[in-house]
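Take a look at the structure set out below.
The values are calculated or read from the model by the stated rules, or taken from the named source; none is laboratory data. The shown structure was predicted, so the numbers you read here are calculated from the model rather than taken from an experiment. Note: ideal-geometry Cβ built from the backbone for every residue, glycine included; neighbour counts use all protein chains shown. Quick note on the areas: whole protein, heavy atoms, side chains included, nothing else; ligands and nucleic acids left out. Shrake-Rupley method; radii C 1.70, N 1.55, O 1.52, S 1.80 Å.
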Amino acid sequence: MRTSYLENDLIKLRREFHSQPELNFDVTETSKKIESILRSANIEVHNNIGRTGLVGVIKKGNSNRSIGIRADMDALPVNEANTFDYRSKHDGKMHACGHDGHVTMALGAAKHLAEKENFDGTAYFVFQPDEEQTQGAQAMIDDGLFDRFSMDEIYAFHNLPGMDVGTFATRAGTITGSESLFRIELKGIGGHSALPHMGVDTITVGTQIITALQSIVSRKLNPAVNGVVSVTEFITDGTENVLPGHALILGDTRALSPDSNKIMEESMKSIVNGMAQAHGIEAKFEYRTRTNMTINSPEQARFASMVAEKLVGKENVDEDCEPKLFSEDFSQMLMKKPGCYILIGNGIDGSCGKTLHSSDYDFNDKLLVTGSSYWSELVLEKLG
Ligand SMILES: [Zn+2]
Ligand SMILES: [Zn+2]
């Protein structure tokens, strides 16, 4: 294992990040702490990229070959239910997605590479804000991330509960889905609940639309591909004895290919418009793709698996895992650079086996040495 931090130091650091969670782009203290650790290892730091993002640069030798490693820094607006002593000190904020661990593993590798290893090229460690609202990667790109730091390729990983601790999984092609938000506004004529024939009730039409939307995945998408349509809110201006004249239906969809996303959008639009016309109601439909699919380049996916196999053995690496329908804004970086997104098992027991984003989840400290070593090996394989 290639790490110069002792395991206990990594655990201590991870728990410090865990107890001080910050949200979205407001990760100032986290960012400052990362900067000071990088500087203490004599690593060149560039900050305020995409507001609170930062990049650590480790250049050795003369080659212009380069590689990027990205770690996300933000937490979630969740009240932590865990009772251990390093639980969140900030009410309503929690590292419930394990980004505290992602940051620690990247720092462990950066420090080790800077202080203990020789290679020929440049390793960039990219610390990104606002992954959870999926705006941070694009903000860093818009702020010149790839113009200022010319990386040949970029990698990121995410811990995954439910997968054995320390096992790796990735795949060539789409690994996480897109997320699109939709908004359906219905305008009918509200009125007395005993006189429905005098108006146009938006609940009756809205519920038919909601039911019909569920036929899209089963009847419009090729059964060999996956997708999800989820209605998450149905808001009306009705009251106990007043039929609503106005309704809002909100939700999101997930797709694993641009084609499926297009089919879902077009099918939703025709269901909404057709149903509205049939009932003589006014409808407005909006659809916005907020996060794109994360698409791994085949060569980099193979390389990422090969490095994992060397570290933990072939039997602990799935190089052709099922794609996941959650979304990840590392997708934006992979639209600009070849690279790979890798999953690392967080375990199946206790708080480490709880679903990401749940209030009793915790990042698995057993991953810290493996994860740090993985990033070191990846850089050394590429630039060694
Ligand atoms: Zn998350
Ligand atoms: Zn996450």
Restricting attention to segment 84-117, which residues are among the hydroxyl-bearing types (Ser, Thr, Tyr) and either under 13 Å from Pro21 (Cα atoms) or open to solvent by 10 Å² or more (accessible area, probe 1.4 Å) (or both)?
Tyr86, Ser88
Check Lys32 against each of (1) under 13 Å from Phe17 (Cα atoms); (2) within 16 Å of ligand 1 (Cβ to nearest atom) and name the one condition it does not meet.
(2)
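This table checks each residue for (1) within 16 Å of ligand 2 (Cβ to nearest atom); (2) over 20 Å from His95 (Cβ atoms); (3) part of a loop (DSSP other than H, G, I, E, B); (4) basic (Lys, Arg).
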{"site": "Cys321", "(1), (2), (3), (4)": "no, yes, yes, no"}
{"site": "Phe326", "(1), (2), (3), (4)": "yes, no, yes, no"}
{"site": "Met333", "(1), (2), (3), (4)": "yes, yes, no, no"}
{"site": "Lys336", "(1), (2), (3), (4)": "no, yes, yes, yes"}
{"site": "Cys352", "(1), (2), (3), (4)": "yes, no, no, no"}
{"site": "Ser358", "(1), (2), (3), (4)": "yes, no, yes, no"}
{"site": "Asp362", "(1), (2), (3), (4)": "yes, no, yes, no"}
{"site": "Gly371", "(1), (2), (3), (4)": "yes, no, no, no"}
Top-ranked residue of segment 148-161 - restricted to ones that are in contact with a helix residue (DSSP H, G or I) (Cβ under 9 Å, 6 or more places away or on another chain) and not hydrophobic (A, V, I, L, M, F, W, C), ranked as farthest from ligand 2 (Cβ to nearest atom)
Asp152
Gln128 vs. criteria farther than 24 Å from Ala41 by Cβ and of a type in the set (S, T, N, Q)
no
Can you pull out every residue in segment 313-354 that is over 20 Å from Ala156 (Cβ atoms) and within 16 Å of the chain's Cα centre (by Cα)?
none
